[in-house]
1. Indicate, rounded to the nearest 5 percent, the antiparallel portion of the DSSP beta bridges found entirely in the stretch 125-275.
2. Which whole-number percent gives the relative contact order of the stretch 55-136, counting Cα pairs below 8 Å spaced six or more residues apart?
3. So what's the net charge close to Leu225: Lys and Arg +1, Asp and Glu -1, counting the other residues with Cβ under 11 Å from its Cβ?
4. So how much slack lies between Ala167 and Arg257, counting 0.36 nm per residue of separation and subtracting their Cα-Cα distance, in nm?
5. Rounded to the nearest 20 Debye, what is the dipole magnitude of the stretch 116-214 about its Cα centre when Lys and Arg each give +1 and Asp and Glu each give -1 at the C-beta?
6. Which of the GluC sites (Glu not before Pro) found in the stretch 186-275 are loop residues per DSSP with 15 or fewer other Cβ atoms within 10 Å of their Cβ?
7. For Asp66 and Thr148, what does the FRET efficiency come to when R0 = 41 Å and r is the distance between their Cβ atoms, rounded to the nearest 0.05?
Amino acid sequence: MPIADPVSRLATHDSFMPFRVRLTQRLSRRRLLALGAAALLAPLIAPTRPAAHAAPAIDWPIPPPDARVGLQVGHWQIEQLPEDQERLRGQTGGSGGGYREVDINLTVGQRTAALLTAVGVAVDLLPATVPQGYLADAFVAIHCDASTSAGISGYKLARYRDSLIPARDDALIAALGDLYGPATGLRLDEGITRAMTGYYAYNARRYRTIISRKTPAVIMELGFLTHPGDRAVLVGQQELIAATLALGLLRFLIADRPARDEARWRTIDTSRFVP
Ligand SMILES: [Zn+2]
């Protein structure tokens, strides 16, 4: 399946022509990168072989044994947030072009979970409410952005600003971003907000119901539903998005394993000597 081309979609609307020219210039190098990522990921998402012969189309990396990943579906069942996060219960998420982000977050989360589960990773598909002290090898909060301006585009990745394991969080950000931008053609939006670096699911200063501070965690905004080009990818390329997230997570899990093991060893060692 070819990569969605937001530029050609925009080209059908004359009012977007000036923007289209700028976009074409800016994305030309990115397009080249996208071709590489597409070549890697295309066999994953192209339904070229019958389900009966569902051998892996590419060689997925083998995850470490006992790997566990939490995928949080942004805004899903947000009305059920616990008391300490009560004030957030009305944040039902953004929308654009008739699409709600919570629906896209859920589909992408489910598809990513299916891909990871198929290669042996234990996956928890989590709603807005996270299990207190949730411990896993990686946690990704899946969201989409919305803006009052249709010209704003791009994806974002961020971690907790007060993280105890910033290097591991950043490695997870890099693993996801290295694939996502080139594969989707979406630009990296570096306008990280305080709401992202202080996201409630890991904000230890503000809330009780948060994941374990030992779980590498990021929040990802997949793109802007209010931007026509971004929305074309978010709505029409969910299998590709899921494949990039799954592959990025697998690469992170493999690379992070020594750090994870060392962290666990330290915990055991400490508990042995500290009363
Ligand atoms: Zn959101």
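Every number here is computed from the coordinates shown, using simple stated rules; none is lab data. Everything numeric here is computed off the predicted structure, so don't read it as measured data. All Cβ positions, glycine included, derive from the backbone under ideal geometry; neighbour counts span all protein chains shown.
1. Numbers: 3 of 10 bridges.
Antiparallel bridges: around 30 percent, rounded to the nearest 5.
2. Working: 103 pairs, mean separation 38.2, N = 82.
RCO, the stretch 55-136: 47 percent.
3. On the way: positive: Arg100, Arg231; negative: Glu101, Asp103, Asp145, Glu221, Asp230.
Net of charged neighbours comes to -3.
4. Details: separation 90, 0.36 × 90 = 32.40 nm, distance 1.33 nm.
Roughly 31.1 nm would be gained on extension.
5. Working: 11 positive and 9 negative charges, 91 e Å.
Taking the Cα centre of the stretch 116-214 as origin, the dipole is about 440 debye.
6. Details: sites: Glu190, Glu221, Glu239, Glu262; in loops: Glu190.
Listed in order of number, the matching sites are Glu190.
7. On the way: r = 45 Å, r/R0 = 1.10.
Efficiency, from the Cβ-Cβ distance: 0.35.
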